[in-house]
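The next block holds one structure in the form of structure tokens; read it before the comments.
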Amino acid sequence: MLNLKKIVVLKNNLAHFNSVFSVDCVIFGFDEGELKILLIERNTVPYINWWALPGNLINQNETLDASANRILYELTGVKDVLMEQYFTFDGVKRHPQGRILTVAYYAILRLSTHKTLKPVTDFAKDAAWINVKELPKLAFDHQQIVEKGLEKIKNQIKNQPIAFELLPEKFTLTQIQQVYELILDKKLDKRNFRKKILNFNILKELDEKQEGVSFRAATLYKFDKRKYTQFFGKGISF
């Protein structure tokens, strides 16, 4: 038999649920030897004029994935990006206006194809690619979200081809080493790195060299994704 008293209590408790969700996007890019992240300059309270991750509240009629893509486009002009959830931040006091839980998404882009940034709403004044080593003080708990994102790709680079997603289609051995060093946050021996990555047989050497450089032009390579799949699950450690 149903306990009507318990049902009434349950309904009353549900009426007081007032937590809401937001989405924050951590978008990484590589350019001119630097690992960069996409930030916006906020144009609304709280934290007006502060730099922050592209983020906002989700709409009631959309999924988290749809929200992430909408928010990224509205605040930066970047669209058609495949993003992945990686963590939920649920600090009770993470937002000064109430209990807002945020789901963090991340993506790794070839920055050369997403250099033009233009917010399409007044929520953001500006959007820019910022060197992860030179980040300004960020709004909310966004520094923590960035650090968790860096931790994510640091673990991921060991057994997934994310380094090559940051590079142009044709790249030098120096460029690929720079990406690994930036993400792993450590210096790698040049000779050992090149020997190891070439022994993996996942790079195709091209009959082309760098153009428009003042120093000796280096040979260009392309990533062979088919051969790389042979190493999935085994890890590629430097």
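For residues that are assigned to a loop (DSSP other than H, G, I, E, B) and aliphatic (A, V, I, L, M), scanning just segment 104-130, find the one that is nearest to the chain's Cα centre (by Cα). Among those residues, the one meeting the criterion is Leu117. Name the one entry in Glu181, Glu211 that is under 21 Å from Phe30 (Cα atoms), buried (at least 16 other Cβ atoms within 10 Å of the Cβ), without any contact (Cβ under 8 Å) to a residue 40 or more places away in the chain and not assigned by TED's automatic domain parsing to the domain that holds Ile37. Result: Glu181 is the single residue among Glu181, Glu211 that is under 21 Å from Phe30 (Cα atoms), buried (at least 16 other Cβ atoms within 10 Å of the Cβ), without any contact (Cβ under 8 Å) to a residue 40 or more places away in the chain and not assigned by TED's automatic domain parsing to the domain that holds Ile37.
Checked against the criterion of being aromatic (Phe, Trp, Tyr) and either touching a helix residue (DSSP H, G or I) at 6+ places or on another chain (Cβ under 7 Å) or closer than 15 Å to Ile157 by Cα (or both), the candidates Phe215, Phe200 yield just one match: Phe200.
Looking at segment 13-72, the strands (runs of 3 or more DSSP E) lying wholly inside it that each contain 3 or more residues that are over 30 Å from Gln178 (Cβ atoms) sit at 20-31.
Looking across segment 184-208, the residues that are among the charged types (D, E, K, R) and either touching a Ser or Thr at 6+ places or on another chain (Cβ under 7 Å) or exposed (fewer than 15 other Cβ atoms within 10 Å of the Cβ) (or both) come down to Asp185, Lys186, Lys187, Asp189, Lys190, Arg191, Lys195, Lys196, Lys204, Glu205, Asp207, Glu208. In segment 131-146, what residues are part of a helix (DSSP H, G or I) and surrounded by 14 or more Cβ atoms within 10 Å (Cβ to Cβ)? Val132, His142, Gln143, Gln144, Ile145, Val146, listed by residue number.
The values are calculated or read from the model by the stated rules, or taken from the named source; none is laboratory data. Computed from a predicted structure; not experimentally measured. So basically every Cβ, Gly included, is an ideal-geometry build from the backbone, and we count neighbours across all protein chains shown.
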